[in-house]
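As structure tokens, the structure follows; a few thoughts come after it.
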Amino acid sequence: MTTILSTWKEPGEVAIRAAWDKRQSDGGLIDTLEAGLAAAELDPNLIMIGLGSLPNSEGDLELDASIMRGSDLMCGAVCAVRNIVPVISVARKVMEDTPHVMLAGDQARRYAIEKGFEPRQTLTAQVINRWEEWCESPERIKVYEHTHSDTVTMLGLTNGKMAAASSTSGLPFKQPGRVGDSPIFGAGIYADDEIGAAGATGNGEELWKAVASFRAVEFMRQGLPPQQACEAVVQQMLRRQAKAQELPCVVFAMNRDGEVGAATTKDTFDLWICRDGDMQMQSFSA
Ligand code: GLY
């Protein structure tokens, strides 16, 4: 049995279908999650991941991605990378071809180019228009409407092996150089074959403060099922972090048995679940 999870209705569907296609063509778990996120990154209609995403306050798109293998805790990430897609594939190269965990900014971009990635224009006319509108708006503080489309984070389980991966353009119109939870191990993703895997999506500052993914895995290590582990993380965030009450912060998890859970500090969250090709979307409310 292979179980794959992917966040949010629209980008999650693109990602989970591509991931399952890869799995069916004998892709390993890392190939499967990479293929899912790469497909979502390369879809210019998805505004929170990869090509065509909303840029930072200066109109530059900066992307973050991460991937982690639960068998040996190997992981790789990139952050604040400009003009390269899919960055999930660069994160994988960091994991497999370097002794490091993360490369950042221009140096990550240079590394990607050395590895054969072609620099390209990642902004579309549509997002340039939205950035210009934002620049002209009186307050310039409306960060973004919650569009039910956010960071895509994926978890996978097959034959007792687990993996986690995430890709995002981060907060729309963010300060240049800002990095959120998604490429940070323990915050945006975590996977440990001994216990399970967890991922996050939503406000990266709050999720990082909570080290939300690692915390969910550790609650499972203490014996909680995934649903209760995620609820415990969210309860703790709501109790300790005032802003988590105002901003949507989601944590979701899967244990070694394939049981799944999720919880959010606010609003509703959609999670795609694929079990050997049977795909369903489940909604979770605060
Ligand atoms: N969760 C994505 C971010 O805040 O960057």
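The criterion of at least 2 residues that are under 22 Å from PHE185 (Cα atoms), within 16 Å of the ligand (Cβ to nearest atom) and open to solvent by 20 Å² or more (accessible area, probe 1.4 Å) is met by the following strands (runs of 3 or more DSSP E) wholly inside segment 1-105: 102-104. All told, PHE219 falls short of being in contact with a Gly (Cβ under 8 Å, 6 or more places away or on another chain), modelled with pLDDT of 95 or more and assigned to a helix (DSSP H, G or I). From the list VAL260, VAL250, the lone residue that is touching a residue at least 40 places away in the same chain (Cβ under 8 Å), closer than 17 Å to GLY12 by Cα and open to solvent by less than 10 Å² (accessible area, probe 1.4 Å) is VAL250.
For segment 171-189, a residue qualifies if it is out of contact with any Leu (no Cβ under 8 Å at 6 or more places or on another chain) and in a loop (DSSP other than H, G, I, E, B), and the qualifying residues are LEU171, LYS174, GLN175, PRO176, GLY177, VAL179, SER182, PRO183, ILE184, GLY186. The single condition from (1) within 15 Å of the ligand (Cβ to nearest atom); (2) under 22 Å from SER6 (Cβ atoms); (3) over 16 Å from the mean Cα position of the chain (by Cα) that LYS174 fails is (2). Tallying residues that are more than 16 Å from GLY12 (Cβ to Cβ) and more than 10 Å from the ligand (Cβ to nearest atom) within segment 161-171 yields 3. Just one of the listed residues (ILE184, ILE195) is within 11 Å of the ligand (Cβ to nearest atom), open to solvent by 10 Å² or more (accessible area, probe 1.4 Å) and farther than 20 Å from PHE284 by Cα, namely ILE184. Residues that are buried (at least 19 other Cβ atoms within 10 Å of the Cβ) and among the charged types (D, E, K, R) were ranked within segment 206-224; the one that is farthest from the ligand (Cβ to nearest atom) is GLU218. State yes or no: is ALA242 touching a residue at least 60 places away in the same chain (Cβ under 8 Å) and more than 16 Å from the ligand (Cβ to nearest atom)? For ALA242, the condition - touching a residue at least 60 places away in the same chain (Cβ under 8 Å) and more than 16 Å from the ligand (Cβ to nearest atom) - is not met. In segment 1-39, how many residues are farther than 15 Å from MET162 by Cβ, among the aliphatic types (A, V, I, L, M) and in contact with a Ser or Thr (Cβ under 7 Å, 6 or more places away or on another chain)? Qualifying residue count, segment 1-39: 4.
Going through (1) over 20 Å from ALA200 (Cα atoms); (2) assigned to a loop (DSSP other than H, G, I, E, B); (3) acidic (Asp, Glu) one by one, ASP150 falls short only on (1). Taking GLN235, is it farther than 20 Å from SER283 by Cβ and either open to solvent by 10 Å² or more (accessible area, probe 1.4 Å) or under 18 Å from the mean Cα position of the chain (by Cα) (or both)? So GLN235 fails the test.
Within segment 197-214, residues that are part of a helix (DSSP H, G or I) have Cβ atoms under 9 Å from residues that are near the ligand (Cβ under 6 Å from one of its atoms) and of a type in the set (S, T, N, Q) in these pairs: GLY204/THR151; GLY204/THR168; GLY204/SER182; LEU207/SER182; LEU207/THR201, counting only partners at least 6 apart in sequence or on another chain.
The values are calculated or read from the model by the stated rules, or taken from the named source; none is laboratory data. This is a predicted model, so every value here is computed, not measured. A quick note on method: Cβ atoms are made from the backbone with ideal geometry, for glycine too, and the neighbour counts reach across all protein chains shown. SASA here: full protein model, heavy atoms, side chains in, ligands and nucleic acids out. Shrake-Rupley method; radii C 1.70, N 1.55, O 1.52, S 1.80 Å.
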